[in-house]
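In what follows, a structure is listed as structure tokens, so that the remarks can point back to it.
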There are 4 protein chains.
Amino acid sequence: MTPQPPDVPTEAVTGWWETDVCDIAPDVIRLRGYPIEQLIGRISVPGMIWLLLRGDLPARGQAALLERAMVAAVDHGAQAPSIAAARMAVTCGVGLNSAIATGVGLLGDVHGGAGQQCMEVLAAIRERVDREAISVEEAVEETLADQRAAGRYMPGFGHRFHRRDPRRDPLMAAVEESTRHGVVDGAFLAIGLEIERRLSSGRSRPVPMNIDGATAIIYSELGFPPELGRGLFVLSRSIGILAHAWEEKKQGRRIKGPIPPPLLPAYRGVPARDVPAGQ
Amino acid sequence: MTPQPPDVPTEAVTGWWETDVCDIAPDVIRLRGYPIEQLIGRISVPGMIWLLLRGDLPARGQAALLERAMVAAVDHGAQAPSIAAARMAVTCGVGLNSAIATGVGLLGDVHGGAGQQCMEVLAAIRERVDREAISVEEAVEETLADQRAAGRYMPGFGHRFHRRDPRRDPLMAAVEESTRHGVVDGAFLAIGLEIERRLSSGRSRPVPMNIDGATAIIYSELGFPPELGRGLFVLSRSIGILAHAWEEKKQGRRIKGPIPPPLLPAYRGVPARDVPAGQ
Amino acid sequence: MTPQPPDVPTEAVTGWWETDVCDIAPDVIRLRGYPIEQLIGRISVPGMIWLLLRGDLPARGQAALLERAMVAAVDHGAQAPSIAAARMAVTCGVGLNSAIATGVGLLGDVHGGAGQQCMEVLAAIRERVDREAISVEEAVEETLADQRAAGRYMPGFGHRFHRRDPRRDPLMAAVEESTRHGVVDGAFLAIGLEIERRLSSGRSRPVPMNIDGATAIIYSELGFPPELGRGLFVLSRSIGILAHAWEEKKQGRRIKGPIPPPLLPAYRGVPARDVPAGQ
Amino acid sequence: MTPQPPDVPTEAVTGWWETDVCDIAPDVIRLRGYPIEQLIGRISVPGMIWLLLRGDLPARGQAALLERAMVAAVDHGAQAPSIAAARMAVTCGVGLNSAIATGVGLLGDVHGGAGQQCMEVLAAIRERVDREAISVEEAVEETLADQRAAGRYMPGFGHRFHRRDPRRDPLMAAVEESTRHGVVDGAFLAIGLEIERRLSSGRSRPVPMNIDGATAIIYSELGFPPELGRGLFVLSRSIGILAHAWEEKKQGRRIKGPIPPPLLPAYRGVPARDVPAGQ
């Protein structure tokens, strides 16, 4: 049998799970120090997201701007693999929680990471402006040149489907208004607009900001670190995933594959052959 | 090679993925018919949840009541397996989306299903009142007797930890207020309070409504079907899952097991033995 | 702050994670009591599966029969939602482990549960034979009649695609041979063949045993409980999921939806409309 | 409504899901061209893994070496987060498939990636020997120096718990024997042993090869690309995950957190405070 230490202080065990988020005791639940019974009715869902992630209550304008970004990104249709996979999951006989987990699991570096990556570039440009004491225009120009040289595209800009993403204008208008009211300082907005201007200049087909770029600007303005860009996107897109999973459930299909029968995936491998005798 | 049908109408393929939720075209995104650019700034996150799940916009009082229920259920500490597993996931080197998927995946029938099950009982009691033309008191009494006879406990009531869940009172007060303003009709509230009264009568330790019961009453009053009780809980608890996963990420531990080293799970199986020679 | 008990015995913490499966100590790993260094090279993968699940080493014939069932179920093509979702996951920028988790997660009650459900019916029939002291023929007849009356179909029999599943014959031949050699007693084989005979009698299109039925017979003969029927299927199908995920990875597509662009899911919801002014 | 192309060739739809792995037609299932009915009984589970991943049948010695590596890595106890999370999942009321998905999902870059990373380093060293026409000793020395300079540790070597991992010796003995029989060429074995020798030289506590390093050598010798190192580890560890999940299921606990009640995670955040009036 495994030798175990004869005794450990309780604190060593409970401290393995230390947290600043939630404190519970019998009849008491406090989130970041605030009693839950005071939060219910006084705080919105985005306000609660802010509180749990940031440690304190948002100003009203901050929560409102966060809400717009989250509303904007809830859904982009069932051809998105996250949505399609969640719909397929439902038809396989799992609970809605597993269907949502399936969809959320697909929001990886490629499908869910562009916002996070855009936030990293925005932060790097802002830092470059400060560090090199250059203008936003210069910092954007140099950064885009660096990216082209490295063979990387600019995350958060360009869309295979939309020429001008309909979510761009209302979101940028909201950031402008928030800047005017002093809710945010507008530095990331300026960087984002300059990126957009420069990417599109001299091109017949412009490379507009997409939803990842627009929300990256908002989350950056609000002071979220890049990794939480993906986290916030997950919370937002979970809403669309649930709606699609629920619709699929009501449609009632069983074991739904990607294409309708009698269609089958195209087989292009080696032709039929026998297992050799010696095997 | 697999024989394939020579030709299928496009509609048979696109119709395999039919949806009422989202309509997209170049430069157009409409959710339940509404253009996304009109929704941004005019609709709250709970309002968007309602729209996507129910097909139309909520009245203001409906969205506000939904918001309270969702705010209430975001977190109950890291000893919940959904939260703990998400925190462990982060230390294993996966993205925040995978960590959230891990936590959400654990909100199964037992950990995430009590609200859904409570909604089913509430609906059955309401139907019994109508069908048998009896009072709420009688319907509750009979239903609880049936459950006792079947060896089942009443989901949504009782708590191993809290004597009186601090989320109960503000949520029930909100339903009462919503009933007074005609936002909901109060029928499920009456049923829930009668269940609570009867479960606690004559007991030294009452069996109070817990968060699953309180949110079940709200979601039932708002007209959600029971299965969406779990869906809404998932959206709400995802917020706590993200907050804990992010906190764990910042703490920086790698490959975090449930108990701190040098502690090991207790082995109670067969003692050491040799693989027999013949194997 | 939460009050904590001042001290707990180490055993209460380590005993929370008690296990009979694995015992480790520095430089020691024992599985079910056997040292890992003795198992490597003497035990096959199916043998290890048996050891960990059952607690001791299989007889050689048992491991060989288990191996055939597991080999048979590895893949049935990319139109299966478990495979398709795993392939889509890979294109979203997650690791192969997340892609496999996605596919495995879809092996729920409907997509992965038929074997388990078939094992439950087989066990119920065997029990009926003993309890009611009737013949297998009678017990099968009564059970199928009960199922028809309840509106249920017989899990593990019938296939939308194959008239005779090519995996049926080699698997049933293996059970017959194992019965002749005394590895298994053949009782579940007899029940399964009688179900197949009766379901097909008098029909122009027979209702043959499918892979779920064939493996259910084998796992039942080997003494596995029904729930492990699903567990073993998951291990087996994981192999196909990995192979498809890896192939997709090499193909290099990004954010692969279920149908190729420019196809879009068919929108059939309410037509375009404006958000009302009052919102 | 979305405009759709009026017609697409069937091939464009089925070709979106092209595959070399599996070909099915009514009554026909072929894996990599071989009919499934010929594979059942003639091929082992590791042989099937090889066939699906590599495209053709392994030589007998290749399958046997693969089997040893897979047997070795099935389990290392319930303190591993992948195992613990799967056990917790079972207590939350999800199917065994979801429990396995939970565990597998945690085998990310940190918990499941060391083997893959070790294979990448082994491949780089082998390439360096060829490219720079230097000895294995020199290539290892330079590579380890590069890693130290970059602040990276050598994946696959060293163990926090075992001084000498009991899986190392039988696995290395198997590679040596396979080399003598010409099954593999032994180049990666030589590199791995040289890494081990050099890491440990002059140290009081050696830095021995661990299970990730030992299996990385085997998978590299067998010609698998590094990413499949993780894939094979997932298949292997799934066996332990299932065994633990099943044991937990039989123990019957509900909603199992990481530490036993009455212990709670240690709260170290801001003390209790009121929500400010203006909110």
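The values are calculated or read from the model by the stated rules, or taken from the named source; none is laboratory data. Keep in mind that this is a model prediction, so the values were computed, not measured. In this analysis, Cβ positions are derived from the backbone assuming ideal geometry, glycine residues included, and neighbour counts consider all displayed protein chains. Heavy atoms of the whole protein, side chains included, go into the accessibility calculation; ligands, DNA and RNA do not. Shrake-Rupley method; radii C 1.70, N 1.55, O 1.52, S 1.80 Å.
The Cα center of region B:151-202 and the Cα center of region D:42-69 differ in position by 60 Å. FRET efficiency for the pair C:Ala145 and B:Asp169, taken as 1/(1 + (r/R0)^6) with r the Cβ-Cβ distance and R0 = 60 Å, rounds to 0.65.
Normalised by 2.2 N^0.38 Å, with N the number of residues, the alpha-carbon radius of gyration of the protein assembly as shown equals 0.94.
Each other copy holds its own label point for A:Gly202; taking that point as 7 Å from Cα along Cα to Cβ, the gaps run 5.5, 8.2, 8.8 nm, nearest first. Per-residue Karplus couplings for region D:80-86, computed as 6.51 cos²θ - 1.76 cosθ + 1.60 with θ equal to phi - 60°, are listed in order as 5, x, 4, 6, 4, 5, 5 Hz, Gly and Pro entered as x. Annotation: amide H-H contacts under 5 Å for C:Arg32 (H modelled 1.01 Å from N, sequence separation of 5 or more, or interchain): C:Cys22, C:Asp23. Note on A:Arg198/B:Ala12: beta-carbon distance plugged into 1/(1 + (r/R0)^6) with R0 of 56 Å gives a FRET efficiency of 0.80.
Counting alpha carbon pairs within less than 8 Å and at least 6 residues apart, what relative contact order, in whole percent, applies to region C:114-231?
Details: 151 pairs, mean separation 49.2, N = 118.
Normalised by residue count, the contact order of region C:114-231 is 42 percent.
Backbone geometry of region A:7-14 corresponds, through the Karplus equation with coefficients 6.51, -1.76 and 1.60 at θ = phi - 60°, to 3J(HN,Hα) couplings of 7, 10, x, 3, 4, 5, 7, 6 Hz, x marking Gly and Pro. For region C:203-243, a drop of 10 Å² or more in accessible area on going from the chain alone to the assembled protein chains (1.4 Å probe) is found at C:Pro225, C:Glu227, C:Leu228, C:Arg230, C:Gly231, C:Val234, C:Leu235, C:Ser238, C:Ile239, C:Leu242, C:Ala243.
What is the percent carbon and sulfur in the accessible area of the protein assembly as shown, measuring with a 1.4 Å probe over the protein chains and ignoring ligands? About 50 percent, which is the carbon plus sulfur part of the accessible surface.
What dipole magnitude, in Debye to the nearest 20, does chain C give about its Cα centre under +1 on Lys/Arg Cβ and -1 on Asp/Glu Cβ? Spell out each step's value before the answer.
On the way: 31 positive and 33 negative charges, 347 e Å.
It comes to approximately 1660 debye.
Our Cα-only numbers for chain B put the radius of gyration and Dmax at 24.1, 80 Å.
Could you provide, to the nearest whole Å², the per residue accessible area of the protein assembly as shown with probe 1.4 Å?
Working: 39100 Å² over 1116 residues.
Accessible area per residue: 35 Å².
Considering only Cα atoms, the convex hull volume of region D:114-231 works out to 110 Å³ per residue.
Could you calculate the FRET efficiency of A:Ala272 with B:Arg253 from 1/(1 + (r/R0)^6), where r is the beta carbon distance between them and R0 is 56 Å, rounded to 0.05? List each step's numbers first, then the result.
On the way: r = 53 Å, r/R0 = 0.94.
So the FRET efficiency works out to roughly 0.60.
Interface A-B: total buried accessible area of about 8500 Å², 1.4 Å probe, protein heavy atoms only. Its DSSP H runs of at least 4 residues, each contributing -39,500 (n - 2.57), put the calculated 222 nm mean residue ellipticity of the protein assembly as shown at -16500 deg cm²/dmol, to the nearest 500.
For chain D, set up a GNM with springs between Cα atoms under 10 Å and report which of D:Val94, D:Val104, D:Val136 has the largest fluctuation. Taking springs between Cα atoms under 10 Å, the residue moving most is D:Val94. Going down the table (B:Lys256/D:Lys256; A:Lys256/C:Lys256; A:Lys256/B:Lys249; A:Lys256/C:Lys250; A:Lys249/C:Lys249), which pairs top 27 Å between alpha carbons? In this structure, A:Lys256/B:Lys249; A:Lys249/C:Lys249 lie more than 27 Å apart at Cα. For D:Pro261, the point set 7 Å out from Cα toward Cβ sits 3.2, 4.8, 5.3 nm from its twins in the other copies, listed from shortest up. The H on the amide N of C:Glu18, modeled in the peptide plane, is under 5 Å from the matching H of B:Ala266, each at least 5 residues off or on a different chain.
Specify the residue with the greatest mean-square fluctuation among B:Leu107, B:Leu52, B:Leu263, computed from a Gaussian network of chain B linking alpha-carbon atoms under 10 Å apart. Highest fluctuation of the listed residues: B:Leu263. The rotation axis taking chain A to chain D passes closest to this chain A residue's Cβ, listed with the gap in Å: A:Ser98, 3.
Distances, shortest first, from the label point of C:Ala12 to those at the same position in the other copies read 1.6, 6.7, 6.8 nm; the point lies 7 Å along Cα to C-beta.
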